[in-house]
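Nothing in this text is a laboratory measurement; each read-out follows from the coordinates by a stated rule. Since this is a predicted model, take the numbers as computed values, not measurements. Methodologically, a virtual Cβ is constructed for each residue, glycine included, from the backbone with ideal geometry; neighbour enumeration extends over all protein chains shown.
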Amino acid sequence: MNVLKKKIPSYIVNAISVIAIYLIISQLVWIGVINNYYLGIIIVIGINIILSTSLNLTTGFLGQLTLGHAGFMSIGAYASALFSINANLPESIEFYFALLVGGICAAIVGILVGIPALRLRGDYLAIITLGFGEIIRVIILNLDFTGGAKGLFGIPYATNFTNVFFIMLLTIYIIWTVIDSRHGRAIKSIREDEIAAEAAGVPTTYYKLFAFTLGSFFAGIAGGLYSHYILIIDAAKFDFNRSIEILVIVVLGGMGSLTGAILAAVTLTILPEYLREFSEYRMLIYAVILIFAMIFRPKGLLGTSEFSLLKVFQFIKRKVIG
Amino acid sequence: MTKLLDVKNLSVSFGGLKAVNQFEIQIGSQELVGLIGPNGAGKTTVFNLLTGVYTPTEGSILLDGNSLIGKGSNKIVNMGVARTFQNIRLFKNLSVIDNVKIAFQSQMKYSALAAVLRLPSYWKEEKLFEEKALDLLKIFKLENFAYQKACNLPYGEQRKLEIARALATEPKLLLLDEPAAGMNPSETNELMETIRLVKEKFEIAILLIEHDMSLVMGICEKVAVLEYGSIIASGSPEQIQNDPRVIASYLGESD
């Protein structure tokens, strides 16, 4: 069977639907159905999608539980914010350079943390990454150029719906194409059985570090988008709870499912906003929903499978014709 | 016959325990050798030493004249030693064909960037190795299961898939750790045929650990017997069957 021919239709369907989503939302903003409050939520959803798909790479596909994703996000947020404040590039390109700087800084730290940490497995790796997240937070709190506990001010406003949407798309695209290749298969084989992966000739250390670094890179990008949206950042925004929030998205969506992570990111960003009316019971209801989701769907909403529009169309076609 | 694998003085200690002591074996290219011995004799430890899971405390392992000592498991695989495991280790939640494709890892060359940009090299290699994987599955009559999850295969087929995955790394020497474990006699017979076929078709040497004597004596050209980490006898199946030390180690000595 020709691999190329099999994949092309789904590429086309996905590209068309993605453009359609973008056009619909931007039209709704244009005619005023989506106000600034909703637009803000949509931007946060976009950032959360980047965070959860990148964490899914290490936790879902590589199978290594890490609890320090907010740490990488904070490095990206501060690095890109400091770049924007201090650099004097033309406005139109400065933001993208800032994001790149944020991503690269997070990736470098990812390599430095990953080399010793990825020798460990399971609980030990979780504890190390948790410790790393806290160390980063405390360091940021005590440095001068990060603004310390006061926070970092004067970040130019640059994040908007269009650039979040397309950077989010690019992130999903890159992670998806890597997963759907020989590199992705090697990463998944480590999750399934590390000893067997080694015996099948997979350089496991290399691929663990590769996935971990790529995940940190995109966490850094998400941090950059976040700092240029929220404009004032302080260390408390990137604490342990933040890492757990991202992890919850991944677990709810399904470890090892990109579309699951996207679905869960949308759900879990909107849900707390809707629950504002019940302000006092908000987190209670949120927790109860999560508990029920885990009881009835322990593998997450989508498990390890992916949602495919093409399959939906084919299903409808079959129903209509036959 | 030229020597493919040459192991001399191989020893490993875990604390005070000498698990393997002065182990020696020579395997010619395209030779089928059986490694037998009572439980706990150190057979699987020998496999783990040969594949780089453990580092020996002393001794030498030469494959085609190149030393395997101190090399990582995945390097040794690329040098041409593949193995299967006593308790099956498949990538259970991946498809059968992906199990095989993962083992093609070192033969596939396209970079992560080529995968992201979906360059022609990506399509070309994916197509080529998809076909190669299907061909390999056909030899083991697994082609109809290709797109199912590996954990849904029946036990005997899982064993075969593990051998197929090992062969995908293009080994010169294949190590089979108790391939017939848990099989009934007819499945064992089928497996014997498969092993024979593999040896001839792929022109490789095979070293196999097995407790099923009908299988060992039926297909092995040479048998080595391990007890307490040392070789106590080696030779043709007939010689081994009549060796008093082997009989003593399996059945006990008469007064």
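Key figures
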quantity: Interchain or long-range residues, amide H under 5 Å from A:Gly254's placed H; calculated: A:Leu301, A:Leu302
quantity: Which of B:Leu208, A:Val312, A:Phe240, positive extreme of dipole for the protein assembly as shown (C-beta unit charges); calculated: A:Val312
quantity: Cα-centred dipole magnitude for chain A, charges only on beta-carbon of K, R (+1) and D, E (-1), debye, nearest 20; calculated: 1200
quantity: Student exercise, the protein assembly as shown dipole from Lys, Arg, Asp, Glu Cβ charges, in Debye to nearest 20; calculated: 1520
quantity: Loop-located GluC sites (Glu not before Pro) in the range B:212-255, at most 11 other Cβ atoms within 10 Å (DSSP); calculated: B:Glu253
quantity: Dipole of the range B:1-147 [Lys/Arg +1, Asp/Glu -1 at C-beta], most positive-end residue of B:Gln22, B:Leu137, B:Gly37; calculated: B:Leu137
quantity: For the range B:1-120: rounded, prolate or oblate by the Cα gyration tensor [a/c cutoff 1.5]; calculated: prolate
quantity: Residue among A:Leu141, A:Gly76, A:Asn56 farthest towards the positive dipole end of chain A, charges placed on Cβ; calculated: A:Asn56
quantity: Span-like helix ranges in chain A, DSSP H, alpha carbon extent 30 angstrom or more, Kyte mean at least 0.5; calculated: A:3-31, A:91-117, A:122-142, A:204-230
quantity: Normalised convex hull volume, chain B, alpha-carbon set, Å³ per residue; calculated: 144
quantity: Coarse-grained scattering of the protein assembly as shown at q = 0.07 Å⁻¹, given as base-10 log I(q)/I(0) from a Debye sum over alpha-carbon atoms; calculated: -0.52
quantity: Point-charge dipole on Cβ atoms (K/R +1, D/E -1) for chain B, about Cα centre, debye to 20; calculated: 1080
quantity: Over 22 Å (Cα to Cα) - which of B:Lys101/B:Lys201; A:Lys188/B:Lys92; A:Lys188/B:Lys43; B:Lys109/B:Lys160; B:Lys8/B:Lys222; A:Lys208/B:Lys127 fall in this group; calculated: A:Lys188/B:Lys43; B:Lys109/B:Lys160; A:Lys208/B:Lys127
quantity: Part-to-part distance (alpha-carbon centres) for the range A:1-42 and the range A:278-322, which is given in Å; calculated: 20
quantity: Most mobile of A:Thr177, A:Thr213, A:Thr259 in a GNM of chain A (Cα contacts under 10 Å); calculated: A:Thr177
quantity: Tensor-based shape of chain A (alpha-carbon gyration tensor, a/c under 1.5 rounded, otherwise prolate or oblate); calculated: rounded
quantity: Computed [θ] at 222 nm, helices only, for chain B once each DSSP H run of length n ≥ 4 contributes -39500 (n - 2.57); calculated: -12000 deg cm²/dmol
quantity: Amide hydrogen neighbours beyond the local backbone of A:Leu65, cut-off 5 Å, H modeled; calculated: A:Gly122
quantity: Relative contact order (%) - chain A, alpha-carbon pairs under 8 angstrom, separation at least six; calculated: 30
quantity: For the range A:206-270: rounded, prolate or oblate by the Cα gyration tensor [a/c cutoff 1.5]; calculated: oblate
quantity: The range A:258-318: radius of gyration and largest Cα-Cα distance (Dmax), Å; calculated: 14.9, 48
quantity: Residue-averaged 222 nm ellipticity for chain A, from DSSP H runs of 4+ at -39500 (n - 2.57), nearest 500; calculated: -25000 deg cm²/dmol
